[in-house]
Structures are given as structure tokens and as C-alpha cells.
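Engineer: Right, I'll just put the structure down here and ask away after.
The values are calculated or read from the model by the stated rules, or taken from the named source; none is laboratory data. Here the structure is a predicted model, which is why all the values come from computation and not from measurement. Note that we place each Cβ from the backbone using ideal geometry, even for glycine, and neighbour counts take in every protein chain shown.
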Amino acid sequence: MANELAILVQGLRKTYSSKASGKKAAVAGIDLEVARGEIFALLGPNGAGKTTTVEILEGYRSRDEGTVKVLGQDPAKLGKNSWAWRNRIGFVLQSTNDSQDLSVHETVHHFANYYSNPRDPDSVIEEVGLSEKSNSRIQTLSGGQRRRLDVALGIIGNPEILFLDEPTTGFDPEARRAFWDLIRKLRDEGTTILLTTHYLDEAEALADRVAVIVEGKIVEVATPISLGGRNTAKARITWLENGIRQEIASDSPTAEVEKLSARFGGEVPELSVVRPSLEDIYLKMIGKS
Ligand code: ATP
């Protein structure tokens, strides 16, 4: 069914109690709808409630209140359906503990056995860029290589929905780009992806929609282009005149550039026209611009 929701969350709440800080609402009433085939990113500062939300959706944490459906199932009430449901989802958690003595090859092949329709383990190892490390023990991998293995284990089961909690932490720039290509390929194959990230360029490059979470509440859900009125925000036009950098903000940058061009009789020195970046908008939204 093309329009069936992959994820439905209504009124989700989770409060932790600790001796040190008493009761604290980590998730304070969240509503979310993620369509099948969508890449959806959760953005928010440290402690905003992203991991708590994702782990509730994965069935690894209990909730206090609210409705949650992932692929039509409540992850807290799987019962006999547990294996069938887990067979359809994949995840990359924020931290993992695996048997450090196994090789990459052994680990990926081992995990493939948990699923009814796994991807080819050797292809997956290649896709995450670990072919050269295939026979290395996990304990000898670098932080970024270890993270690539986590991604391999997340996708080995050929999931319909993939949860990625800060998947590219520790990746070098080349590995991040390769990872983005992999995620786009999975999306093109129909995989739904829920991603948390602190990299705004990653959210912009991958996500169809983003949700900004602050203190357990959603501030806005939008496309990366339109978040916080970004698409209609004034453009900043800068240029060099008499050795001094000039700057104006405008709702109609094309007209301003035409005027400048007429004034300079052609090329405007060091002209640049920029709309606010996703990071500019995000920082403003979370109150730290
Ligand atoms: P980050 O970006 O740092 O990963 P996050 O948005 O994923 O942050 P969560 O890990 O969901 O945030 O944490 C939300 C809040 O809940 C934080 O204040 C955190 O300290 C608290 N919290 C999370 N897990 C627990 C726990 N097991 N017991 C008590 N408090 C917790």
C-alpha cells in the first residue's frame, strides 16, 4: 500500500526518575508520522529526547503514554509476532557491544543468519567500505570502521525500515559521502529510514523531512528547504566595492543583483548571494543563534 504509514506516534511521553535530578520528562508529548519510503531525520540538541524516542520505536524502551505503531505493530506489544516484526526492521544504535574476537566477515555472516531474507554479506561488507578489513578482528578496527560495521549489521537483514541513531559519528568525509550514497540507494529500493544526526549537512543531503526536537517536544516538522521559513527568508548579498565588503539583506535578490550589475556595468566584484543554511535556521530554532 503506497500511502501506508511506516511509523505513527501520537502523544508519546516518557519520564525518567533518578535520585540526582528527580523526575524528568525526556519525551513530553510527541506526534510523528513517517510515510513508507521516506527518509525522516530527528534533529535536536544533546538530551532533547531523540534516542529515547527512537529506542521506544525499536521496542527497546518502554513508554509511559501514547500510541506507537511501527509497520502497523505496537513495539511494546509484540508477543508472538516479535521475530516476524524484528525480521522487517534494522537499526544502528548509538553504541554497541559485540564479540570483539570475531572478524568482520564472521560477524556479518553470523548476523545474516538471524533474518529470513538477508542481503549478501560480502556485498554488504563491500558497500560499507570494509572489504579490506573483512578478515580483521573487531577489536582492531578504528572508531569509524567500527561504525561502518554497525551500519552493515543494520542493513544485513534487508529491512523495510531502518533506524539510524547518529550513524556517521567518527566517519571521515569520504566515508560519510559513501554512506549517504548507500542510504539513498536503500531509499530508492523502498526502505523507510528514521535518522538522528547532529550533522545538519547530513540531514539536508538525505532527509525528505526533518523534525526539530527540543526538551522532549517537537518544535517543527518540515522539509530541510522550508524549515523555519528558510525558503522565504531574506537572502544575504555581499560584494566588494572600493576595497570594502558590502552587505544587504533582501527579499528580492535577483532585482538587487540586476541593479548592482547595472551600476558596475557588468561583473560585480566577489558577488555572493546566500540564503540561511539549515544550520543557521536550526540554531535559531533551538535558541542559540
Ligand atoms: P544526544 O543527542 O545527546 O544523543 P538525545 O536527544 O538522544 O541526546 P536522550 O538520550 O533521549 O537524548 O535523553 C533525553 C533525556 O533523558 C536526557 O536528559 C537524558 O539525560 C535522559 N535520559 C536518557 N536515558 C536515561 C535513563 N536511562 N535514565 C535516566 N535519564 C535518562
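Engineer: What about LEU186, is it touching a helix residue (DSSP H, G or I) at 6+ places or on another chain (Cβ under 7 Å), within 16 Å of the ligand (Cβ to nearest atom) and within 23 Å of GLU58 (Cα to Cα)? Spell out the reasoning first.
Structural biologist: Working: touching a helix residue (DSSP H, G or I) at 6+ places or on another chain (Cβ under 7 Å): yes; within 16 Å of the ligand (Cβ to nearest atom): no; within 23 Å of GLU58 (Cα to Cα): yes.
Criteria not met by LEU186.
Engineer: Related question: Touching a residue at least 40 places away in the same chain (Cβ under 8 Å) and farther than 18 Å from ILE89 by Cα: does that describe ILE155?
Structural biologist: Details: touching a residue at least 40 places away in the same chain (Cβ under 8 Å): yes; farther than 18 Å from ILE89 by Cα: no.
The answer is no for ILE155.
Engineer: How many residues, within the range 251-272, are touching a strand residue (DSSP E or B) at 6+ places or on another chain (Cβ under 6 Å) and either modelled with pLDDT under 95 or not β-branched (Val, Ile, Thr) (or both)? Give the steps one after another, and end with the answer.
Structural biologist: As a first pass, look at the range 251-272 and keep what is touching a strand residue (DSSP E or B) at 6+ places or on another chain (Cβ under 6 Å): 253, 256, 268-272.
Still in the list and also either modelled with pLDDT under 95 or not β-branched (Val, Ile, Thr) (or both): 253, 256, 269-272.
Counting residues in the range 251-272 that are touching a strand residue (DSSP E or B) at 6+ places or on another chain (Cβ under 6 Å) and either modelled with pLDDT under 95 or not β-branched (Val, Ile, Thr) (or both) gives 6.
Engineer: Which ones in the range 54-73 are in contact with a strand residue (DSSP E or B) (Cβ under 9 Å, 6 or more places away or on another chain) and over 24 Å from SER17 (Cβ atoms)?
Structural biologist: Initially, the range 54-73 is screened for residues in contact with a strand residue (DSSP E or B) (Cβ under 9 Å, 6 or more places away or on another chain), giving 54-72.
LYS69, VAL70, LEU71, GLY72 - these are the residues of the range 54-73 that are in contact with a strand residue (DSSP E or B) (Cβ under 9 Å, 6 or more places away or on another chain) and over 24 Å from SER17 (Cβ atoms).
Engineer: In the range 205-239, which residue that is among the charged types (D, E, K, R) and crowded, with 18+ Cβ neighbours inside 10 Å is modelled with the highest pLDDT? Write out each step before concluding.
Structural biologist: Just the residues of the range 205-239 that are among the charged types (D, E, K, R), to begin with: 208-209, 215, 217, 220, 230, 234, 236.
Keeping just the survivors that are crowded, with 18+ Cβ neighbours inside 10 Å gives 209, 230.
Working: ARG209: 98, ARG230: 89.
Across the range 205-239, the extreme among qualifying residues is ARG209.
Engineer: Go through the range 78-119 and report how many residues are part of a loop (DSSP other than H, G, I, E, B) and touching a Pro at 6+ places or on another chain (Cβ under 7 Å).
Structural biologist: Just the residues of the range 78-119 that are part of a loop (DSSP other than H, G, I, E, B), to begin with: 78, 87-88, 93-102, 113-119.
Filter again for touching a Pro at 6+ places or on another chain (Cβ under 7 Å), leaving 88.
Going through the range 78-119 one residue at a time, the tally reaches 1.
Engineer: Right, next: Do we have any residue at all in the range 20-27 that's touching a helix residue (DSSP H, G or I) at 6+ places or on another chain (Cβ under 9 Å), more than 8 Å from the ligand (Cβ to nearest atom) and of a type outside the set (Phe, Trp, Tyr)? Let's see the steps before the verdict.
Structural biologist: Here is the first cut: in the range 20-27, the ones touching a helix residue (DSSP H, G or I) at 6+ places or on another chain (Cβ under 9 Å) are 26-27.
Going one step further and asking which of them are more than 8 Å from the ligand (Cβ to nearest atom), we end up with none.
No, there is no match, as no residue in the range 20-27 is touching a helix residue (DSSP H, G or I) at 6+ places or on another chain (Cβ under 9 Å), more than 8 Å from the ligand (Cβ to nearest atom) and of a type outside the set (Phe, Trp, Tyr).
Engineer: Further question: Could you check, for the range 59-70, whether at least one of its residues is within 16 Å of the ligand (Cβ to nearest atom) and assigned to a helix (DSSP H, G or I)?
Structural biologist: Within the range 59-70 (the criterion being within 16 Å of the ligand (Cβ to nearest atom) and assigned to a helix (DSSP H, G or I)), the answer is no, since none of the residues qualifies.
Engineer: Another question about this same structure. So is ILE138 among the β-branched types (Val, Ile, Thr), at pLDDT below 95 and in contact with a Ser or Thr (Cβ under 8 Å, 6 or more places away or on another chain) or not?
Structural biologist: Details: among the β-branched types (Val, Ile, Thr): yes; at pLDDT below 95: yes; in contact with a Ser or Thr (Cβ under 8 Å, 6 or more places away or on another chain): yes.
When the stated conditions are applied, ILE138 passes them.
Engineer: Restricting to the range 1-19, name every residue that is within 16 Å of the ligand (Cβ to nearest atom) and not in a strand (DSSP E or B). If you could, list the steps in order and put the result at the bottom.
Structural biologist: So the first thing to find is which residues in the range 1-19 are within 16 Å of the ligand (Cβ to nearest atom), and the list is 9, 12-19.
LYS19, the sole residue that qualifies.
Engineer: May I pose another question? Are any residues in the range 29-48 in a strand (DSSP E or B) and either more than 9 Å from the ligand (Cβ to nearest atom) or more than 19 Å from GLY11 (Cβ to Cβ) (or both), and if so, which ones?
Structural biologist: Going residue by residue through the range 29-48, those that are in a strand (DSSP E or B) are 29-35, 39-43.
GLY29, ILE30, ASP31, LEU32, GLU33, VAL34, ALA35, ILE39, PHE40, ALA41, LEU43, listed by residue number.
Engineer: When the range 205-219 is examined, which residues are found to be within 16 Å of the ligand (Cβ to nearest atom), in a strand (DSSP E or B) and in contact with a strand residue (DSSP E or B) (Cβ under 7 Å, 6 or more places away or on another chain)?
Structural biologist: Listed by number, the residues that qualify are VAL210, ALA211, VAL212, ILE213, LYS217, ILE218, VAL219.
Engineer: Quick check on this structure: which one of PHE179, PHE91 is touching a helix residue (DSSP H, G or I) at 6+ places or on another chain (Cβ under 9 Å), crowded, with 18+ Cβ neighbours inside 10 Å and either without any contact (Cβ under 8 Å) to a residue 12 or more places away in the chain or within 22 Å of LEU71 (Cα to Cα) (or both)? Let's see the steps before the verdict.
Structural biologist: Working: PHE179 fails: either without any contact (Cβ under 8 Å) to a residue 12 or more places away in the chain or within 22 Å of LEU71 (Cα to Cα) (or both).
None of the others qualify; the one that does is PHE91.
Engineer: On to the next question. Of the residues THR53, THR15, THR67, which single one is polar (S, T, N, Q) and crowded, with 18+ Cβ neighbours inside 10 Å? Explain how you work it out, then say what you get.
Structural biologist: Numbers: THR15 fails: crowded, with 18+ Cβ neighbours inside 10 Å; THR67 fails: crowded, with 18+ Cβ neighbours inside 10 Å.
Only one candidate passes the filter, namely THR53.
Engineer: Taking GLY228 and the conditions (1) assigned to a strand (DSSP E or B); (2) in contact with a helix residue (DSSP H, G or I) (Cβ under 7 Å, 6 or more places away or on another chain), which numbered condition does it fall short on, given that it satisfies the others?
Structural biologist: Just one mismatch for GLY228, condition (1).
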